[in-house]
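The values are calculated or read from the model by the stated rules, or taken from the named source; none is laboratory data. This one's a predicted model, so the numbers in the text were calculated from it and none came from an experiment. Neighbour counts run over all protein chains shown; Cβ positions are idealised from the backbone, glycine included.
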Amino acid sequence: METSVFAVMSQMAAKYNAVNLSQGFPDFDISPALINRVHYHMEQGKNQYAPMKGVEKLRKQISAMINRHHQQPYDSEEEITVTAGATQAIYTAISALVRKNDEVIIFQPAYDIYAPAIRMNGGIVKYSTLVAPEYSINWDEVRSLVSPDTRMIIINTPHNPTGAVLTERDMKTLEKIVAGSNIVVLSDEVYEHLVYDNRKHFSAVRYPGIACRSFVVGSFGKTLHTTGWKVGYAVAPAALMKEFRKMHQYIVFAVNTPVQHAIADYLETTGFEGLAAFYQRKRDYFLEKVKNSRFKIIPSQGTYFQVMDYSAISDKPEVAFAEELIKEHGIAAIPLSPFYDKKINRGQLRFCFAKKKETIDKAADILCRI
């Protein structure tokens with residue numbers, strides 16, 4: 001196993017004091033009300049182990065949130081588990097169901113936990129390559145990859161690292177492909193509230209033929225700007241969640257208690273309806289500031305990442321060019337090539353725009369001078 005590209009680039013950014021648009025974390029303050037609730041629950045003595053499945057109030061709030069956004073009920077007792085971030089939820093779902101020689105279809109460029117988690121559990125990774133520049137799914141290729149040994153298909157929408165968003169047609173096509181099979185779907189939807197330009201997020205929970213066989217994963221780190229708190233969740237039908245919890249109890253057992261209580265309180269009074277507009281303004285501001293650079297850009301459809309093509313600037317491989325940007329120009333990004341099985345180089349980097357105005361201004365000034 002290799003060290004994650006996120007760790008490598010962030011370490012280099014710190015070493016060279018570069019503007020860090022690589023790892024996906026906001027650099028602005030979070031809600032003071034949320035911090036106050038954590039403090040409150042610490043003072044109230046909520047400092048010991050939480051229930052293995054998660055604090056009851058938070059599970060109920062997650063259930064209400066999903067029903068409000070997608071009109072789908074999930075039982076908070078049997079179908080929802082709070083996790084130590086979305087990454088743990090993804091690893092746990094894979095560990096619960098994937099065994100030696102089981103095949104798992106993933107879409108590349110793929111978030112970097114998927115393939116290692118599959119291999120660590122003895123599974124076989126089968127790649128379907130997204131079609132650039134829109135990074136859409138080639139469903140004919142997916143059909144050709146499905147076999148009697150296919151155990152799982154992992155989808156990710158909005159997609160990290162490209163920012164692409166699956167359509168309703170995509171979801172209905174997936175629903176047809178898995179119909180009548182034993183294939184489980186793992187739907188990584190951690191950026192579900194960050195979708196732009198009047199697009200909609202089509203969650204797996206909305207489609208009965210997918211929902212009945214799916215783990216759906218979400219993240220409060222992304223929605224509350226608190227990536228360091230590492231609180232996420234997984235929802236699934238009771239039979240699947242039962243298997244999930246068997247693994248969850250031995251991977252982390254329980255998640256930060258006062259933070260769970262604080263998030264539950266926060267969700268009781270606050271929704272995420274304005275979050276997409278908030279981040280779209282940041283995306284648009286970033287794109288306006290770099291429009292005179294030599295980078296080629298297709299605006300991100302979702303997430304807080306923007307892919308930028310540097311082929312007009314350099315023909316170096318992506319990792320080498322990303323390292324050059326850090327060492328010689330003082331700005332850090334993530335190369336896309338590590339997200340491919342064969343380290344495909346398309347001359348593209350991923351930049352995070354979940355930053356305050358001052359950071360974006362500084363980064364854009366550098367990018368326009370390259």
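Observations, loosely collected:
- Selection status of G24, buried (at least 20 other Cβ atoms within 10 Å of the Cβ), at positive phi and touching a strand residue (DSSP E or B) at 6+ places or on another chain (Cβ under 9 Å): no
- Among the candidates I263, I183, I210, residue that is more than 23 Å from G54 (Cβ to Cβ) and within 20 Å of the chain's Cα centre (by Cα): I210
- From the options A86, A13, A93, residue that is of a type in the set (A, V, I, L, M), outside the structural domain of I124 (by TED's automatic domain parsing) and either outside any loop (DSSP other than H, G, I, E, B) or within 30 Å of T150 (Cα to Cα) (or both): A13
- When P338 is tested against the conditions (1) modelled with pLDDT of 95 or more; (2) closer than 22 Å to S136 by Cβ; (3) crowded, with 16+ Cβ neighbours inside 10 Å, the lone failure is (1).
- Check on R283, within 19 Å of Y135 (Cβ to Cβ), at pLDDT 95 or above and out of contact with any Leu (no Cβ under 8 Å at 6 or more places or on another chain): yes
- Scanning segment 116-126 for residues that are at negative phi and surrounded by fewer than 18 Cβ atoms within 10 Å (Cβ to Cβ) yields P116, R119, M120, I124.
- Unique match (being closer than 23 Å to I106 by Cβ, surrounded by 15 or more Cβ atoms within 10 Å (Cβ to Cβ) and not charged (D, E, K, R)) among I326, I370, I344: I344
- Where strands (runs of 3 or more DSSP E) sit wholly within segment 209-324, those with at least 1 residues that are under 30 Å from Y40 (Cβ atoms) occupy 214-219, 232-235.
- Answer from T81, T87 - the residue that is at pLDDT 95 or above, surrounded by 22 or more Cβ atoms within 10 Å (Cβ to Cβ) and either β-branched (V, I, T) or within 30 Å of W139 (Cα to Cα) (or both): T81
- Taking the listed residues G218, G163, G232, G180, the one that is surrounded by 19 or more Cβ atoms within 10 Å (Cβ to Cβ) and at positive phi is G163, with no other qualifying.
- Some residue of segment 277-299 being of a type in the set (S, T, N, Q), buried (at least 20 other Cβ atoms within 10 Å of the Cβ) and touching a helix residue (DSSP H, G or I) at 6+ places or on another chain (Cβ under 9 Å): no
- Residue in segment 40-61 that is in the same structural domain as V178 (by TED's automatic domain parsing), buried (at least 17 other Cβ atoms within 10 Å of the Cβ), in a helix (DSSP H, G or I) and small (G, A, S) present: no
- Test result for L349, closer than 29 Å to A86 by Cα and surrounded by fewer than 21 Cβ atoms within 10 Å (Cβ to Cβ): no
- Residues in segment 337-348 include none that are acidic (D, E) and without any contact (Cβ under 8 Å) to a residue 60 or more places away in the chain.
- Here Y135 qualifies as on the phi > 0 side of the Ramachandran plot and crowded, with 18+ Cβ neighbours inside 10 Å.
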